[in-house]
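Written out below as structure tokens is the structure these notes cover.
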């Protein structure tokens, strides 16, 4: 667990709030939908009045619960996404404040290799992993990878740009973990990709898997 764990805990709380609101609204709507459907079946002791009244009452309830669910459905994940973006920005700011460049943290042998012009994208990626807890070295690796990408072949350039993106803030492991949790949140909220059309039932089912899929990452964040 790192000093930034509170950000993961806050994300966890925000997701659960939105998930539970969505699940509750959908459950109420689904229940009202079933009641309205059941009301279509006439009971042996029904009068014309009692039958019509029951159908009318359950239909009113169904429409109300549907409208409520649609309102929640429209807004609940937007609220979560806004909170998630806010937390990510705060996390990046906190990391930046903690990752002031320190000359004493430089590995001179590694600097020599970085300046040699002989390193491949795989070498840069290996350095990013090796110096994962060294913000000064990570920033240097990012800068050199970014420069190397300018003259690299397309495939190599993509890999170098990925190293740059991962290391430029000086704490690649934390941001990668954040993005891992964020991807899980997308899977569990019907936002796996733009235009994702998961049904409400599937979203509720996936939302129930949040703890199983995210608990370990959050605990070790």
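The values are calculated or read from the model by the stated rules, or taken from the named source; none is laboratory data. Computed from a predicted structure; not experimentally measured. Reconstructed Cβ throughout: ideal geometry from the backbone, glycine too, with neighbour counts over all protein chains shown.
In the range 185-197, the residues that are free of Cβ contacts under 8 Å to residues at least 24 places away in the same chain form Cβ pairs under 7 Å with partners that are surrounded by 10 or more Cβ atoms within 10 Å (Cβ to Cβ) and assigned to a helix (DSSP H, G or I), at six or more places apart or across chains, as follows: 192/186. Whenever a residue of the range 33-61 is without any contact (Cβ under 8 Å) to a residue 24 or more places away in the chain, its partners that are in a helix (DSSP H, G or I), lying with C-beta atoms within less than 6 angstrom and at least six residues away or across chains, give the pairs 39/54; 39/55; 39/58; 42/51; 59/36. Note on the range 121-135: residues that are more than 16 Å from residue 175 (Cα to Cα), in contact with a helix residue (DSSP H, G or I) (Cβ under 7 Å, 6 or more places away or on another chain) and either surrounded by fewer than 20 Cβ atoms within 10 Å (Cβ to Cβ) or outside the structural domain of residue 157 (by TED's automatic domain parsing) (or both) total 0. Residue under question is residue 20, and the condition is that it be part of a helix (DSSP H, G or I), closer than 21 Å to residue 218 by Cα and without any contact (Cβ under 8 Å) to a residue 40 or more places away in the chain; does it hold? Considered against the rule, which asks whether it is part of a helix (DSSP H, G or I), closer than 21 Å to residue 218 by Cα and without any contact (Cβ under 8 Å) to a residue 40 or more places away in the chain, residue 20 comes out as yes. Taken together, the residues in the range 31-54 that are crowded, with 16+ Cβ neighbours inside 10 Å and either modelled with pLDDT of 90 or more or under 29 Å from residue 202 (Cα atoms) (or both) amount to 5.
Residue 184 satisfies every condition listed in (1) in contact with a helix residue (DSSP H, G or I) (Cβ under 8 Å, 6 or more places away or on another chain); (2) within 18 Å of residue 96 (Cβ to Cβ) except (2).
Of the helices (runs of 4 or more DSSP H) entirely within the range 163-221, those holding at least 3 residues that are under 20 Å from residue 23 (Cα atoms) and within 13 Å of the chain's Cα centre (by Cα) occupy 172-187, 210-219.
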